[in-house]
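The values are calculated or read from the model by the stated rules, or taken from the named source; none is laboratory data. Note that the structure is a prediction, hence the values are computed from the model and not measured. Using ideal geometry, Cβ is built from the backbone for each residue, glycine included, and neighbour counts are taken over all protein chains shown.
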Amino acid sequence: MRILIVGSGIGGMTLAALLKQRGLQATLIERAANFDHAGYMLGLWPLGYRVLHGLGLYDQFAAASIECKHYEVRDNHGTLVKNWSMQPIADRFGPNLSCTRPQLVKLLHSSLGETDLRFNTTLESIHQAGEEVDVTFNDGTRETFDLVVGADGLHSKVRSLVFGEQPYYHTNWGGWVWWVDVNAVPKETFVEHWGAGRFFGIYPTCDGAGIYAGAPVEGDFAEPGPGRRDRIRAQFASMGELVDTCLAALPDDSEDLFFWKLSDVRAKEWTRGRVVLLGDAAAGFLPTAGIGASMAMESAAVLADELSRTNNPFLEHALSLYVKRRKHRVESTQNDSRHLAKMMFIKSATVAHIRDVATKFYSLEQLASSIAKAFDEPI
């Protein structure tokens, strides 16, 4: 079976590794030149990293990760609202592990051996004819495959070419991302400040703590260049000592800083003919529940499973079974992420106060009911 995977992120790389284990060698293409700038912090639930057990990569991954033992919410001025222990989940299913996205991508890459991985390569066109898919690459070359997997992220070219424009969900918030010394923050706690018109998250990894400073995308908040550091510091002033420590580590205005707009996408169809979507290309996730990477890895495991139980003439039926096993589960957890975004990203001080009072009575299971339910459901 000739398989092309477009995008060598977490979903695409996991699928390639699982297919290789089953004797199927995929071709991967990646638009980036290398993995040097493969992203920032990432939380991985047992839902996703169970796949690493089967690949023999879990021990190596866990040794280079930090276990998130507590999830802490603070208010607009840094006062503690709620501290949830992650221990009940860890005892029953496994810990929530915090790493960097480059760390996980490179670990998955290490399992691919001589798999054909082409950097600086994008897809320009897709044409399906019978049981074959003809594709054209950005260098003008053409090849034919039996299956094309779009694992190329939130703004998927495969999705656009085959399924057309799909509906995005916009929070109209965005934020700046940077790193601080992990020793400057709590090492085993995810800390989030749910403010009024501002949000500040601190996520430790072994390589440093990732910071996300978010607010409504309006005015000059998202503008780079001169004055950026002063604007960010002013926006998040008086949120408490921990936030002040992180603000002190803000890079100079001359340094590149990633601005992350908080939007997701939901494809109405995941498969058409011999083209199928995987991960964020099928259903992108807001980072609010830290579940996107886990869902992509689960989906890769299911797709690899279905592909291992079919042959070329019945490939399209296998893809339909993949969609039946995954679409509802993924969209339910996506709904949880959207629900959390509505709780986290509030502009009104009055509404934020009411939210903070109510949050004191929430359990983790109530915050993300579909995610909590998914721990006990088969895939």
- prompt: In region 73-95, how many are touching an Asp or Glu at 6+ places or on another chain (Cβ under 6 Å) and either surrounded by 15 or more Cβ atoms within 10 Å (Cβ to Cβ) or among the acidic types (Asp, Glu) (or both)?
  reply: 4
task: Just name the residue that is nearest to PHE258 (Cα to Cα) out of those in region 129-188 that are in contact with a Phe, Trp or Tyr (Cβ under 7 Å, 6 or more places away or on another chain) and of a type in the set (Val, Ile, Thr).
output: VAL177
- request: Would you confirm whether any residue within region 53-72 is surrounded by 22 or more Cβ atoms within 10 Å (Cβ to Cβ), in contact with a Gly (Cβ under 8 Å, 6 or more places away or on another chain) and either closer than 28 Å to ARG118 by Cα or without any contact (Cβ under 8 Å) to a residue 12 or more places away in the chain (or both)?
  value: no
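Hand me the list of helices (runs of 4 or more DSSP H) wholly inside region 36-119 holding 3 or more residues that are farther than 26 Å from MET343 by Cβ.
Working: elements: 46-54, 58-63, 87-92, 101-110.
Per the criteria, 46-54, 58-63, 101-110.
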task: Name the single residue, out of those in region 13-52 being buried (at least 22 other Cβ atoms within 10 Å of the Cβ) and among the small types (Gly, Ala, Ser), that is nearest to LEU123 (Cα to Cα).
output: ALA26
- line: Among residues of region 159-175 being surrounded by 14 or more Cβ atoms within 10 Å (Cβ to Cβ) and of a type in the set (Phe, Trp, Tyr), the residue nearest to GLN235 (Cα to Cα) is TRP173
message: For a quick check of your reading of the model, give me the residue pairs whose first member lies in region 230-248 and is closer than 15 Å to GLY78 by Cα, whose second is modelled with pLDDT of 95 or more and of a type in the set (D, E, K, R), with beta-carbon atoms closer than 7 Å and at least 6 apart or on different chains.
response: GLN235/ARG198; PHE236/ARG198; GLY240/ARG74; LEU247/ARG233
- prompt: Checking VAL323 against (1) at pLDDT below 95; (2) of a type in the set (Val, Ile, Thr); (3) over 16 Å from the mean Cα position of the chain (by Cα), which single condition isn't satisfied?
  reply: (1)
- prompt: Do we find a residue being among the small types (Gly, Ala, Ser) and farther than 19 Å from THR14 by Cβ anywhere in region 109-118?
  reply: no
message: Name the single residue that is nearest to ALA26 (Cα to Cα) among those in region 114-129 being among the aliphatic types (A, V, I, L, M) and buried (at least 18 other Cβ atoms within 10 Å of the Cβ).
response: LEU117
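How many residues does region 37-60 contain that are aromatic (Phe, Trp, Tyr) and over 17 Å from the mean Cα position of the chain (by Cα)? Walk me through it before giving the result.
Pass one, region 37-60, residues aromatic (Phe, Trp, Tyr): 40, 45, 49, 58.
With the extra rule that they be over 17 Å from the mean Cα position of the chain (by Cα), the set shrinks to 58.
Residues that pass the stated criteria total 1.
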- line: Of the candidates ASP264, ASP253, the one satisfying the condition of being assigned to a loop (DSSP other than H, G, I, E, B) and either touching a residue at least 40 places away in the same chain (Cβ under 8 Å) or not polar (S, T, N, Q) (or both) is ASP253
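Looking for something within 21 Å of the chain's Cα centre (by Cα) and either over 27 Å from VAL133 (Cα atoms) or not small (Gly, Ala, Ser) (or both) - is there at least one such residue anywhere in region 347-362?
Going through region 347-362, the residues within 21 Å of the chain's Cα centre (by Cα) turn out to be none.
Scanning region 347-362, I find no residue that is within 21 Å of the chain's Cα centre (by Cα) and either over 27 Å from VAL133 (Cα atoms) or not small (Gly, Ala, Ser) (or both), so the answer is no.
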query: Out of curiosity, is VAL180 under 30 Å from ALA64 (Cα atoms), at pLDDT 95 or above and more than 19 Å from the chain's Cα centre (by Cα)?
result: yes
